[in-house]
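> Questions regarding the structure given below will be posed in turn.
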Amino acid sequence: MKKSTVVDFWVGLFVLIGALALVFLALKAGNLSSFTTGAQYRVTAEFDNIGGLKPRAPVKSAGVTVGRVGNINLDPVTFRAVVALDLEEGFEFPKDSSARILTSGLLGEQYVGIEVGGDLENIEGGGKFARTQSAVVLENLISQFLFSKASEGKSEK
C-alpha cells in the first residue's frame, strides 16, 4: 500500500511539471509571457511592408525590449501600414530616431527595432517616427536575384 502511494505521488508530480511546461510554452508562443504594468506612451510608425509583424511583438533598442506593438492598421489614403508602438515611460528616444522591422534569427519572429538618433528633443506620446525601414521579404530578394541573373544572361548573347 505504501509503495503505491509513493508511485502515485511521483506520477502526479511529473504530470504537474508537464502541465506547467505546456502553459509556459503556450505563453511564450503567444508572446504573452511578459506583461507590462508600468506607464506607457504610444507613438506610431508607417511602413510600406510589415512582413509578418504581429500585435504584441517586441519593440527593441540595442537588444533591450522597450515596449510592444500595440495595433496595426492600413492607412486608406497612403495604403501604408500604420503600426502603433506602446513604449515604456522610462525609455525616451530622440525625434530623429528611426524604426525598422527586423527578424530575430533566420526564421524567427519579427520585431520593431529602434535606432537612436541624435536630436536633443524627444518623441512625445502621440508622436511619429519620421524615418522607417520596411521588412525584408525573402521572396522579393529571391525574385530580384533571379531577375538580375536572367538579365545578365540575355546581355551576354
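The values are calculated or read from the model by the stated rules, or taken from the named source; none is laboratory data. Computed from a predicted structure; not experimentally measured. To get the accessible areas, we keep the full protein, side chains included, count just its heavy atoms, and leave off ligands, DNA and RNA. Shrake-Rupley method; radii C 1.70, N 1.55, O 1.52, S 1.80 Å.
> Can you give the calculated 222 nm mean residue ellipticity of the chain, where each DSSP H run of n ≥ 4 adds -39,500 (n - 2.57) and the sum is split over every residue, rounded to the nearest 500 deg cm²/dmol?
That calculation yields -10500 deg cm²/dmol at 222 nm.
> Rounded to the nearest 5, what is the percent of antiparallel bridges among the DSSP beta bridges in the range 1-148?
Rounded to the nearest five, the antiparallel share is 80 percent.
> Please state the shape class of the range 38-157: rounded when a/c is under 1.5, otherwise prolate if a/b exceeds b/c and oblate if not, all from the C-alpha gyration tensor.
prolate
> Something else: Just to verify a number: what accessible area does residue 28 come out at with the full protein assembly present, 1.4 Å probe, Å² rounded to tens?
Here the residue's solvent-accessible area equals roughly 120 Å².
> For Cα pairs less than 8 Å apart in space and 6+ apart in sequence, what is the mean separation divided by the residue count of the chain, i.e. the relative contact order in percent?
Once divided by the residue count of the chain, the mean separation gives 23 percent.
> Another question, then. Would you mind checking 28/60; 54/95; 28/95 for any pair whose Cα atoms are more than 29 angstrom apart?
28/95
> With a probe of 1.4 Å, find how much accessible area the range 56-143 has per residue, and write the answer as a whole number in Å².
Per-residue accessible area for the range 56-143 comes out at 58 Å².
> Would you mind telling me the share, in percent, of accessible area of the chain contributed by carbon and sulfur at probe 1.4 angstrom?
63
> Can you tell me the orientation of helix 2-29 relative to the chain, as the angle in degrees between its alpha-carbon axis and the longest Cα principal axis, to the nearest 10?
Once rounded, the angle reads 10 degrees.
> Could you list which residues have their amide H under 5 Å from that of residue 71, counting only those 5 or more apart in sequence or on another chain, with H placed in the peptide plane?
Excluding prolines and chain starts, which carry no amide H, the hits are 84.
> On to the next question. Helix 138-156 versus the longest principal axis of the chain: what is the Cα-based angle in degrees, 0 to 90, to the nearest 10?
Helix 138-156 sits at roughly 40 degrees to that axis.
> Karplus couplings for the range 60-67 from phi (6.51 cos²θ - 1.76 cosθ + 1.60, θ = phi - 60°), rounded to Hz, Gly and Pro as x?
Listing the rounded values in order: 10, 9, 6, x, 9, 6, 10, x Hz.
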